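The values are calculated or read from the model by the stated rules, or taken from the named source; none is laboratory data. It should be emphasised that the depicted structure is a prediction, and the values quoted were computed from it without experimental measurement. Counting neighbours? That spans all protein chains shown, and the Cβs are built from the backbone with ideal geometry, glycine included. For the accessible areas, the whole protein counts, side chains as well, though only heavy atoms, and no ligand, DNA or RNA atoms are used. Shrake-Rupley method; radii C 1.70, N 1.55, O 1.52, S 1.80 Å.
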Amino acid sequence: MNSRQLLKLGVPQYCLKTAMTAIQQAVANENIRGKEVKARMQQVIAAPEDFLEDEAFGALAAELVEDNSEEVVEPIDYQIWGKEGIDEGAFSQMELACHVPSAYGAALMPDAHIGYGLPIGGVLALENAVIPYAVGVDIACRMKLSVLDTAVDALDDKRHQFIDALNRGTVFGVGTAHEKKQHHAVMDQDWTVTKVTRQNKDKAWKQLGSSGSGNHFVEFGVLTISEDDAELGLTAGEYVALLSHSGSRGTGASVCSTYSSIAQSQLRKRHQHLGRLAWLDMDSEAGQEYWAAMNLMGDYAAANHAVIHKNVAALLGSKVISGVENHHNFAWKEEHGGREVYVHRKGATPAAAGEMGVIPGSMADPAFVVRGKGNPASLNSASHGAGRCMSRNKAKDKYRWKAVKNDLEKRGITVISAGADEVPGVYKNINEVMAEQQDLVEIVARFNPKVVKMCGDGSRAED
(Lines give C-alpha, C1' and ligand atoms only; values in the text may rest on other atoms or scores of the structure.)
Protein backbone atom coordinates (compact mmCIF):
# COMPACT_ATOMS: atom_id res chain seq x y z
CA MET A 1 0.00 0.00 0.00
CA ASN A 2 1.22 3.50 -0.75
CA SER A 3 0.90 6.66 1.29
CA ARG A 4 -2.17 7.90 -0.57
CA GLN A 5 -4.03 4.65 0.07
CA LEU A 6 -3.10 4.71 3.75
CA LEU A 7 -4.31 8.30 4.13
CA LYS A 8 -7.58 7.31 2.46
CA LEU A 9 -8.01 4.53 5.03
CA GLY A 10 -7.62 7.08 7.81
CA VAL A 11 -3.98 6.71 8.79
CA PRO A 12 -2.80 10.14 10.07
CA GLN A 13 -0.03 11.83 8.07
CA TYR A 14 2.44 11.63 10.95
CA CYS A 15 1.83 7.85 11.30
CA LEU A 16 2.58 6.99 7.67
CA LYS A 17 6.17 5.90 8.28
CA THR A 18 5.17 3.67 11.19
CA ALA A 19 2.27 2.26 9.16
CA MET A 20 4.54 1.35 6.23
CA THR A 21 6.96 -0.38 8.61
CA ALA A 22 4.05 -2.31 10.15
CA ILE A 23 2.91 -3.52 6.73
CA GLN A 24 6.41 -4.64 5.80
CA GLN A 25 6.71 -6.60 9.05
CA ALA A 26 3.27 -8.17 8.60
CA VAL A 27 4.08 -9.22 5.05
CA ALA A 28 7.42 -10.70 6.13
CA ASN A 29 6.21 -12.40 9.31
CA GLU A 30 2.67 -13.45 8.45
CA ASN A 31 2.85 -13.59 4.66
CA ILE A 32 -0.38 -11.60 4.29
CA ARG A 33 -1.10 -9.68 1.12
CA GLY A 34 -3.48 -7.21 -0.56
CA LYS A 35 -6.99 -7.30 0.91
CA GLU A 36 -5.74 -8.92 4.11
CA VAL A 37 -3.31 -6.05 4.72
CA LYS A 38 -6.05 -3.52 4.06
CA ALA A 39 -8.47 -5.32 6.38
CA ARG A 40 -5.88 -5.55 9.17
CA MET A 41 -5.05 -1.86 8.83
CA GLN A 42 -8.75 -0.96 9.07
CA GLN A 43 -9.04 -3.02 12.23
CA VAL A 44 -6.02 -1.28 13.81
CA ILE A 45 -7.40 2.14 12.97
CA ALA A 46 -10.84 1.28 14.35
CA ALA A 47 -9.57 -0.25 17.63
CA PRO A 48 -5.85 0.38 18.13
CA GLU A 49 -6.02 -0.63 21.81
CA ASP A 50 -6.65 -4.23 20.67
CA PHE A 51 -3.34 -4.36 18.79
CA LEU A 52 -0.88 -2.94 21.32
CA GLU A 53 0.80 -6.33 21.72
CA ASP A 54 0.76 -7.17 18.02
CA GLU A 55 4.28 -7.88 16.75
CA ALA A 56 3.81 -6.04 13.45
CA PHE A 57 1.19 -3.39 14.26
CA GLY A 58 1.98 -2.69 17.92
CA ALA A 59 4.02 0.46 17.33
CA LEU A 60 1.35 1.92 15.04
CA ALA A 61 -1.37 1.02 17.53
CA ALA A 62 0.55 2.77 20.32
CA GLU A 63 0.83 5.94 18.22
CA LEU A 64 -2.89 5.87 17.47
CA VAL A 65 -3.83 5.29 21.10
CA GLU A 66 -1.65 8.19 22.16
CA ASP A 67 -3.21 10.34 19.46
CA ASN A 68 -6.73 9.56 20.69
CA SER A 69 -5.91 10.43 24.31
CA GLU A 70 -6.52 13.88 25.69
CA GLU A 71 -3.51 16.05 26.40
CA VAL A 72 -3.63 18.52 29.24
CA VAL A 73 -1.45 21.51 28.45
CA GLU A 74 -1.01 24.14 31.11
CA PRO A 75 -1.08 27.40 29.13
CA ILE A 76 1.65 29.95 29.70
CA ASP A 77 0.84 33.50 30.76
CA TYR A 78 1.37 36.55 28.59
CA GLN A 79 1.61 40.26 29.29
CA ILE A 80 -0.48 42.85 27.47
CA TRP A 81 0.35 46.42 26.49
CA GLY A 82 -2.52 48.77 25.62
CA LYS A 83 -5.34 46.45 26.63
CA GLU A 84 -8.12 49.02 26.07
CA GLY A 85 -7.66 49.27 22.31
CA ILE A 86 -7.30 45.58 21.46
CA ASP A 87 -10.21 43.60 19.98
CA GLU A 88 -11.46 40.42 21.63
CA GLY A 89 -10.46 38.27 18.68
CA ALA A 90 -6.80 39.09 19.23
CA PHE A 91 -7.04 38.04 22.88
CA SER A 92 -8.68 34.74 21.89
CA GLN A 93 -5.94 34.02 19.36
CA MET A 94 -3.21 34.88 21.87
CA GLU A 95 -4.75 32.65 24.53
CA LEU A 96 -4.90 29.75 22.08
CA ALA A 97 -1.24 30.33 21.13
CA CYS A 98 -0.33 30.01 24.80
CA HIS A 99 -1.62 26.41 24.66
CA VAL A 100 0.93 25.33 22.04
CA PRO A 101 2.84 22.52 23.83
CA SER A 102 6.30 24.06 23.34
CA ALA A 103 5.28 27.64 24.24
CA TYR A 104 7.82 29.29 26.54
CA GLY A 105 6.88 32.99 26.58
CA ALA A 106 4.37 35.38 25.00
CA ALA A 107 3.33 39.02 24.84
CA LEU A 108 0.75 41.18 23.07
CA MET A 109 1.67 44.61 21.74
CA PRO A 110 -0.56 47.74 21.90
CA ASP A 111 -1.24 47.72 18.14
CA ALA A 112 -2.62 44.17 18.28
CA HIS A 113 -5.59 43.05 16.21
CA ILE A 114 -6.93 39.78 14.86
CA GLY A 115 -4.87 37.94 12.23
CA TYR A 116 -4.37 34.34 11.11
CA GLY A 117 -2.98 31.95 13.71
CA LEU A 118 -1.06 34.35 15.92
CA PRO A 119 -2.67 37.81 16.10
CA ILE A 120 -0.98 40.80 14.53
CA GLY A 121 1.07 42.30 17.34
CA GLY A 122 1.59 38.89 18.92
CA VAL A 123 4.96 37.70 20.22
CA LEU A 124 5.47 34.01 20.91
CA ALA A 125 8.60 32.11 21.99
CA LEU A 126 8.75 28.36 21.41
CA GLU A 127 11.29 25.76 22.42
CA ASN A 128 12.69 23.82 19.46
CA ALA A 129 9.77 24.66 17.16
CA VAL A 130 8.66 27.25 14.62
CA ILE A 131 5.13 28.14 13.46
CA PRO A 132 4.91 29.40 9.86
CA TYR A 133 1.69 31.32 10.51
CA ALA A 134 3.17 32.91 13.63
CA VAL A 135 5.71 34.49 11.28
CA GLY A 136 3.02 35.30 8.75
CA VAL A 137 2.30 35.19 5.03
CA ASP A 138 4.40 38.26 4.29
CA ILE A 139 7.64 36.84 5.68
CA ALA A 140 10.14 39.52 6.72
CA CYS A 141 7.79 42.41 6.10
CA ARG A 142 10.00 45.27 7.22
CA MET A 143 10.59 49.00 7.55
CA LYS A 144 13.44 50.95 6.02
CA LEU A 145 14.16 54.65 6.55
CA SER A 146 16.87 56.50 4.66
CA VAL A 147 17.89 60.03 5.57
CA LEU A 148 18.80 62.08 2.49
CA ASP A 149 21.07 65.04 1.89
CA THR A 150 18.17 66.99 0.34
CA ALA A 151 16.98 70.36 1.65
CA VAL A 152 13.70 70.17 3.56
CA ASP A 153 12.28 73.16 1.64
CA ALA A 154 12.43 71.09 -1.54
CA LEU A 155 9.52 68.97 -0.30
CA ASP A 156 7.28 71.99 -0.90
CA ASP A 157 9.18 73.86 -3.61
CA LYS A 158 9.86 70.86 -5.86
CA ARG A 159 7.18 68.40 -4.82
CA HIS A 160 6.70 67.21 -8.40
CA GLN A 161 10.23 65.77 -8.32
CA PHE A 162 9.43 63.69 -5.23
CA ILE A 163 6.22 62.45 -6.85
CA ASP A 164 8.09 61.45 -9.98
CA ALA A 165 10.76 59.62 -7.96
CA LEU A 166 8.16 57.50 -6.18
CA ASN A 167 6.22 56.82 -9.37
CA ARG A 168 9.28 55.58 -11.23
CA GLY A 169 11.31 54.12 -8.36
CA THR A 170 9.00 51.19 -7.49
CA VAL A 171 5.77 49.52 -8.54
CA PHE A 172 2.68 48.52 -6.54
CA GLY A 173 0.05 45.80 -6.89
CA VAL A 174 -0.30 42.01 -6.65
CA GLY A 175 2.03 40.27 -9.10
CA THR A 176 3.52 43.52 -10.40
CA ALA A 177 7.12 43.82 -11.54
CA HIS A 178 9.49 46.42 -12.96
CA GLU A 179 9.63 46.57 -16.76
CA LYS A 180 13.40 46.28 -16.47
CA LYS A 181 14.75 43.50 -14.24
CA GLN A 182 16.43 44.86 -11.11
CA HIS A 183 19.70 43.53 -9.71
CA HIS A 184 20.90 42.72 -6.21
CA ALA A 185 23.40 40.23 -4.74
CA VAL A 186 20.55 38.40 -2.98
CA MET A 187 19.74 36.70 -6.29
CA ASP A 188 23.23 35.14 -6.23
CA GLN A 189 22.49 33.35 -2.95
CA ASP A 190 21.52 29.70 -2.82
CA TRP A 191 17.84 29.54 -3.79
CA THR A 192 17.94 25.73 -3.89
CA VAL A 193 17.74 25.46 -0.09
CA THR A 194 14.13 24.28 -0.56
CA LYS A 195 11.96 23.22 -3.47
CA VAL A 196 9.60 26.17 -3.03
CA THR A 197 12.39 28.78 -3.11
CA ARG A 198 13.98 27.11 -6.12
CA GLN A 199 10.69 27.08 -8.01
CA ASN A 200 9.94 30.71 -7.12
CA LYS A 201 13.34 32.24 -7.87
CA ASP A 202 12.27 33.63 -11.24
CA LYS A 203 9.15 35.18 -9.69
CA ALA A 204 11.25 36.67 -6.90
CA TRP A 205 13.66 38.19 -9.39
CA LYS A 206 10.79 39.71 -11.38
CA GLN A 207 9.33 41.23 -8.20
CA LEU A 208 12.65 42.51 -6.85
CA GLY A 209 12.27 46.20 -5.98
CA SER A 210 8.45 46.12 -5.97
CA SER A 211 6.14 47.11 -3.15
CA GLY A 212 3.03 44.95 -3.35
CA SER A 213 -0.34 46.00 -1.94
CA GLY A 214 -2.28 46.34 1.32
CA ASN A 215 -0.54 48.46 3.94
CA HIS A 216 2.72 48.60 2.01
CA PHE A 217 3.94 52.08 1.13
CA VAL A 218 6.84 54.25 0.07
CA GLU A 219 6.83 57.87 1.19
CA PHE A 220 8.87 61.01 1.68
CA GLY A 221 8.63 63.08 4.82
CA VAL A 222 10.36 65.29 7.34
CA LEU A 223 12.45 63.56 10.01
CA THR A 224 12.84 65.62 13.18
CA ILE A 225 15.60 64.79 15.66
CA SER A 226 15.49 66.72 18.92
CA GLU A 227 18.96 65.68 20.14
CA ASP A 228 22.24 64.77 18.45
CA ASP A 229 22.46 61.03 17.88
CA ALA A 230 25.89 59.46 17.48
CA GLU A 231 24.55 56.12 16.27
CA LEU A 232 22.61 57.76 13.46
CA GLY A 233 25.45 60.18 12.86
CA LEU A 234 23.02 63.10 12.80
CA THR A 235 22.79 66.33 14.72
CA ALA A 236 19.52 67.74 16.02
CA GLY A 237 17.37 69.24 13.29
CA GLU A 238 15.09 68.44 10.36
CA TYR A 239 15.91 66.18 7.42
CA VAL A 240 14.23 64.80 4.32
CA ALA A 241 13.76 61.05 4.70
CA LEU A 242 12.45 58.18 2.60
CA LEU A 243 10.41 55.51 4.38
CA SER A 244 9.22 52.18 2.95
CA HIS A 245 7.17 49.24 4.18
CA SER A 246 6.96 45.90 2.34
CA GLY A 247 8.19 42.33 2.52
CA SER A 248 9.02 39.21 0.54
CA ARG A 249 6.13 39.42 -1.92
CA GLY A 250 4.75 36.32 -3.66
CA THR A 251 7.65 34.03 -2.85
CA GLY A 252 7.32 34.64 0.88
CA ALA A 253 3.62 33.83 0.68
CA SER A 254 4.42 30.57 -1.12
CA VAL A 255 6.93 29.59 1.57
CA CYS A 256 4.37 30.23 4.32
CA SER A 257 1.60 28.35 2.52
CA THR A 258 3.80 25.34 1.74
CA TYR A 259 5.22 24.83 5.20
CA SER A 260 2.07 25.71 7.12
CA SER A 261 0.28 23.00 5.11
CA ILE A 262 3.00 20.53 6.09
CA ALA A 263 2.75 21.57 9.73
CA GLN A 264 -1.05 21.26 9.77
CA SER A 265 -0.92 17.83 8.10
CA GLN A 266 1.29 16.63 10.95
CA LEU A 267 -0.98 17.83 13.76
CA ARG A 268 -2.15 15.01 15.96
CA LYS A 269 -5.87 14.71 16.56
CA ARG A 270 -5.59 16.20 20.03
CA HIS A 271 -3.92 19.30 18.55
CA GLN A 272 -6.32 19.85 15.65
CA HIS A 273 -7.96 22.79 17.44
CA LEU A 274 -4.70 24.75 17.12
CA GLY A 275 -5.22 24.98 13.34
CA ARG A 276 -2.91 27.60 11.83
CA LEU A 277 -0.78 27.48 14.97
CA ALA A 278 0.60 24.17 13.69
CA TRP A 279 4.35 23.98 14.26
CA LEU A 280 7.40 22.32 12.79
CA ASP A 281 9.97 20.75 15.10
CA MET A 282 13.37 22.30 14.49
CA ASP A 283 15.05 18.90 14.48
CA SER A 284 12.81 17.79 11.59
CA GLU A 285 13.65 18.09 7.91
CA ALA A 286 10.63 20.32 7.28
CA GLY A 287 11.57 22.56 10.20
CA GLN A 288 15.10 23.04 8.91
CA GLU A 289 13.83 23.68 5.39
CA TYR A 290 11.37 26.31 6.58
CA TRP A 291 14.05 28.00 8.66
CA ALA A 292 16.40 28.19 5.66
CA ALA A 293 13.61 29.50 3.42
CA MET A 294 12.45 32.04 6.01
CA ASN A 295 15.95 33.45 6.41
CA LEU A 296 16.39 33.66 2.65
CA MET A 297 13.12 35.59 2.52
CA GLY A 298 14.55 37.92 5.15
CA ASP A 299 17.52 38.65 2.91
CA TYR A 300 15.22 39.03 -0.09
CA ALA A 301 12.90 41.49 1.70
CA ALA A 302 15.90 43.58 2.76
CA ALA A 303 17.08 43.53 -0.87
CA ASN A 304 13.66 44.73 -2.04
CA HIS A 305 13.98 47.79 0.17
CA ALA A 306 17.59 48.37 -0.83
CA VAL A 307 16.64 48.41 -4.52
CA ILE A 308 13.67 50.73 -3.89
CA HIS A 309 15.74 53.20 -1.89
CA LYS A 310 18.57 53.11 -4.40
CA ASN A 311 16.19 53.76 -7.30
CA VAL A 312 14.20 56.50 -5.61
CA ALA A 313 17.25 58.35 -4.24
CA ALA A 314 18.94 58.22 -7.65
CA LEU A 315 15.85 59.60 -9.40
CA LEU A 316 15.78 62.44 -6.90
CA GLY A 317 19.53 63.02 -7.24
CA SER A 318 20.07 62.53 -3.51
CA LYS A 319 22.57 60.66 -1.35
CA VAL A 320 21.73 58.60 1.72
CA ILE A 321 23.50 59.93 4.82
CA SER A 322 21.93 57.73 7.51
CA GLY A 323 19.27 55.07 8.01
CA VAL A 324 17.41 52.53 10.13
CA GLU A 325 15.64 49.30 9.16
CA ASN A 326 14.04 46.25 10.77
CA HIS A 327 11.86 43.18 10.16
CA HIS A 328 8.54 42.77 11.94
CA ASN A 329 7.22 39.44 10.56
CA PHE A 330 9.94 36.98 11.43
CA ALA A 331 11.29 34.44 13.90
CA TRP A 332 14.64 34.75 15.65
CA LYS A 333 16.67 32.22 17.65
CA GLU A 334 17.38 34.04 20.92
CA GLU A 335 18.15 33.37 24.55
CA HIS A 336 15.54 34.31 27.15
CA GLY A 337 15.59 33.28 30.78
CA GLY A 338 18.66 31.16 30.10
CA ARG A 339 16.81 29.11 27.46
CA GLU A 340 17.35 29.03 23.70
CA VAL A 341 13.99 29.77 22.09
CA TYR A 342 12.51 30.75 18.74
CA VAL A 343 10.84 34.13 19.12
CA HIS A 344 8.07 34.85 16.61
CA ARG A 345 7.24 38.52 16.16
CA LYS A 346 4.19 38.76 13.95
CA GLY A 347 3.64 42.47 13.49
CA ALA A 348 6.07 43.29 16.30
CA THR A 349 9.37 45.19 16.23
CA PRO A 350 12.56 43.77 17.78
CA ALA A 351 13.43 46.03 20.72
CA ALA A 352 16.45 44.60 22.52
CA ALA A 353 18.42 47.10 24.60
CA GLY A 354 19.92 49.67 22.21
CA GLU A 355 18.35 48.09 19.11
CA MET A 356 16.94 50.63 16.66
CA GLY A 357 13.77 50.32 14.62
CA VAL A 358 10.95 52.21 12.92
CA ILE A 359 7.30 52.20 14.03
CA PRO A 360 4.93 53.83 11.48
CA GLY A 361 1.56 55.48 12.01
CA SER A 362 -0.51 56.11 8.86
CA MET A 363 -0.35 58.18 5.67
CA ALA A 364 -1.28 61.24 7.74
CA ASP A 365 0.27 60.41 11.10
CA PRO A 366 3.90 60.24 12.20
CA ALA A 367 6.27 57.32 12.25
CA PHE A 368 8.90 57.06 14.98
CA VAL A 369 12.51 55.99 14.97
CA VAL A 370 12.95 54.16 18.27
CA ARG A 371 15.64 52.56 20.38
CA GLY A 372 14.73 49.42 22.33
CA LYS A 373 14.91 49.17 26.11
CA GLY A 374 15.22 45.38 26.24
CA ASN A 375 12.17 44.67 28.38
CA PRO A 376 12.22 40.91 29.12
CA ALA A 377 8.45 40.84 29.75
CA SER A 378 7.83 41.69 26.10
CA LEU A 379 10.59 39.31 24.94
CA ASN A 380 12.45 42.44 23.79
CA SER A 381 9.63 43.53 21.48
CA ALA A 382 7.46 46.56 20.67
CA SER A 383 4.57 47.35 18.34
CA HIS A 384 5.10 47.37 14.57
CA GLY A 385 2.79 50.32 13.94
CA ALA A 386 -0.45 51.94 15.05
CA GLY A 387 -2.52 48.83 14.31
CA ARG A 388 -5.88 48.63 12.56
CA CYS A 389 -9.10 49.46 14.36
CA MET A 390 -11.39 48.82 11.38
CA SER A 391 -11.64 46.03 8.81
CA ARG A 392 -10.97 46.69 5.15
CA ASN A 393 -14.58 46.03 4.17
CA LYS A 394 -15.93 48.44 6.79
CA ALA A 395 -13.41 51.06 5.70
CA LYS A 396 -14.50 50.80 2.06
CA ASP A 397 -18.12 51.23 3.13
CA LYS A 398 -17.41 54.20 5.39
CA TYR A 399 -14.82 56.24 3.48
CA ARG A 400 -14.63 57.74 0.00
CA TRP A 401 -11.04 57.88 -1.15
CA LYS A 402 -11.36 61.05 -3.23
CA ALA A 403 -12.74 63.03 -0.27
CA VAL A 404 -10.00 61.75 2.06
CA LYS A 405 -7.29 62.53 -0.48
CA ASN A 406 -8.54 66.11 -0.92
CA ASP A 407 -8.62 66.60 2.86
CA LEU A 408 -5.04 65.35 3.19
CA GLU A 409 -3.89 67.67 0.40
CA LYS A 410 -5.25 70.61 2.41
CA ARG A 411 -3.11 69.39 5.31
CA GLY A 412 0.00 69.43 3.12
CA ILE A 413 0.12 65.67 2.45
CA THR A 414 0.12 64.49 -1.16
CA VAL A 415 -1.07 60.92 -1.62
CA ILE A 416 -0.26 59.74 -5.13
CA SER A 417 -2.31 56.55 -4.89
CA ALA A 418 -4.01 54.44 -2.22
CA GLY A 419 -7.38 52.94 -1.35
CA ALA A 420 -10.15 53.72 1.13
CA ASP A 421 -9.10 50.67 3.19
CA GLU A 422 -5.83 52.43 4.14
CA VAL A 423 -7.07 55.90 5.13
CA PRO A 424 -5.92 57.33 8.48
CA GLY A 425 -9.26 56.58 10.15
CA VAL A 426 -8.76 52.81 9.95
CA TYR A 427 -5.77 52.99 12.30
CA LYS A 428 -5.41 53.51 16.02
CA ASN A 429 -3.92 56.74 17.31
CA ILE A 430 -0.16 56.22 16.97
CA ASN A 431 0.60 58.68 19.78
CA GLU A 432 -1.57 56.68 22.17
CA VAL A 433 0.10 53.46 21.03
CA MET A 434 3.54 54.95 21.67
CA ALA A 435 2.43 56.15 25.10
CA GLU A 436 1.42 52.56 25.97
CA GLN A 437 4.93 51.23 25.31
CA GLN A 438 7.22 53.74 26.97
CA ASP A 439 8.77 50.86 28.91
CA LEU A 440 9.61 49.06 25.65
CA VAL A 441 11.22 51.78 23.50
CA GLU A 442 12.43 55.35 23.62
CA ILE A 443 11.67 57.74 20.77
CA VAL A 444 14.75 58.97 18.90
CA ALA A 445 13.13 60.84 16.02
CA ARG A 446 9.75 61.67 14.47
CA PHE A 447 8.90 61.28 10.79
CA ASN A 448 5.98 63.25 9.32
CA PRO A 449 4.79 62.02 5.89
CA LYS A 450 4.51 64.55 3.05
CA VAL A 451 4.39 62.55 -0.21
CA VAL A 452 2.86 59.06 -0.04
CA LYS A 453 2.41 56.24 -2.53
CA MET A 454 0.47 53.02 -1.88
CA CYS A 455 -1.34 50.49 -4.04
CA GLY A 456 -4.36 52.11 -5.65
CA ASP A 457 -5.48 49.48 -8.16
CA GLY A 458 -7.82 47.57 -5.86
CA SER A 459 -5.47 44.59 -5.47
CA ARG A 460 -6.11 42.27 -2.54
CA ALA A 461 -4.04 43.07 0.52
CA GLU A 462 -0.69 41.27 0.83
CA ASP A 463 0.23 42.56 4.30
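Worth a mention:
- Hydrodynamic radius by Kirkwood, which averages 1/r over all alpha carbon pairs of segment 1-158, in angstrom: 20.2 Å
- Remark on segment 1-57: ratio of C-alpha radius of gyration to 2.2 N^0.38 Å is 1.01.
- Selection from ALA106, ILE131, LEU145 lying farthest towards where the dipole of segment 68-145 points positive, charges on Cβ: LEU145
- Taking amide H positions as modeled 1.01 Å from N, with prolines and chain starts lacking one, the residues under 5 Å from ILE321 and 5 or more places away or on another chain are VAL147, LEU148, ASP149.
- Cα gyration tensor shape for segment 111-231, rounded if a/c is under 1.5, else prolate or oblate: oblate
- Within the shell of other residues whose beta carbon sits under 13 angstrom from the beta carbon of GLN161, the net charge comes to 0, with Lys and Arg scored +1 and Asp and Glu -1.
- Spacing of the two label points (7 Å from each Cα toward its C-beta) at SER391 and VAL174, in nm: 1.7 nm
- Distance violations [Cα-Cα > 27 Å] among LYS373/LYS394; LYS144/LYS346; LYS83/LYS394; LYS201/LYS310; LYS203/LYS373: LYS373/LYS394; LYS203/LYS373
- Projected label distance in nm at ALA39 and ILE321, using a 7 Å step from Cα toward the beta-carbon: 8.6 nm
- Taking the longest Cα principal axis of the chain as reference, the axis of helix 249-265 is set at about 30 degrees.
- Two-decimal log10 I(q)/I(0) for segment 134-186, as the Debye equation yields it once each C-alpha is a single scatterer, q = 0.15, 0.17, 0.25, 0.32 Å⁻¹: -0.72, -0.87, -1.17, -1.24
- Compared with the dominant principal axis of the Cα atoms in the chain, helix 159-169 is inclined by about 30°.
- Calculated FRET value between ASP202 and ASN167, using beta carbons and R₀ = 30 Å, to 0.05: 0.70
- Dipole magnitude for the chain: about 2140 debye, using +1 per Lys or Arg Cβ and -1 per Asp or Glu Cβ, origin at the Cα centre.
- Cβ crowding within 10 Å averaged over residues, with 239-245, 2-8, 362-368, 112-118 ranked highest first: 239-245, 112-118, 362-368, 2-8
- Axis angle, to the nearest 10 degrees, between helix 285-316 and the longest C-alpha principal axis of the chain: 10 degrees.
- P(r) tail fraction, segment 363-449 - alpha-carbon pairs more than 17 Å apart, %: 55 percent
- Heavy-atom accessible surface of the chain, averaged per residue, reaches 44 Å², computed with a 1.4 Å probe.
- FRET efficiency for GLU84 and LEU9, using Cβ-Cβ distance with R0 set to 60 Å, rounded to 0.05: 0.70
- For segment 15-20, 3J(HN,Hα) per residue [Karplus equation, 6.51 cos²θ - 1.76 cosθ + 1.60, θ = phi - 60°, Hz, x = Gly/Pro]: 9, 4, 4, 5, 5, 5
- Whole-Hz ³J(HN,Hα) from phi, Karplus 6.51 cos²θ - 1.76 cosθ + 1.60, for segment 210-221, glycine and proline x: 9, 10, x, 9, x, 8, 6, 8, 9, 8, 9, x
- Each of ASP407 and LYS181 was given a label point 7 Å from its Cα along the Cα-to-Cβ line. The distance between the two points is 4.6 nm.
- Both numbers refer to the Cα atoms of segment 292-405; Rg and Dmax are 17.4, 54 Å.
- For the chain: Kirkwood Rh in Å [reciprocal of mean 1/r, alpha carbons]: 23.8 Å
- Taking only protein heavy atoms and a 1.4 Å probe, the accessible area of the chain is 46% carbon and sulfur.
- P(r) tail, segment 243-304: Cα-Cα pairs separated by more than 14 Å, 60% of all pairs.
- Long-range HN-HN contacts of GLY173 with modeled amide H, under 5 Å: SER211, GLY212, SER213
- Structure-based [θ]222 nm, the chain - -39500 (n - 2.57) summed over DSSP H runs of at least 4, per residue, nearest 500: -10500 deg cm²/dmol
- Packing-based ranking of 103-110, 398-405, 310-317 yields 103-110, 310-317, 398-405, ordered from highest to lowest mean Cβ neighbour count within 10 Å.
- Around the amide H of GLU355, modelled in the peptide plane, lie the amide H atoms of GLY372, all under 5 Å away and 5 or more residues distant in sequence or on another chain.
- Ranked by the mean number of other Cβ atoms within 10 Å of their residues, highest first, the peptides 276-285, 120-129, 408-417 fall in the order 120-129, 276-285, 408-417.
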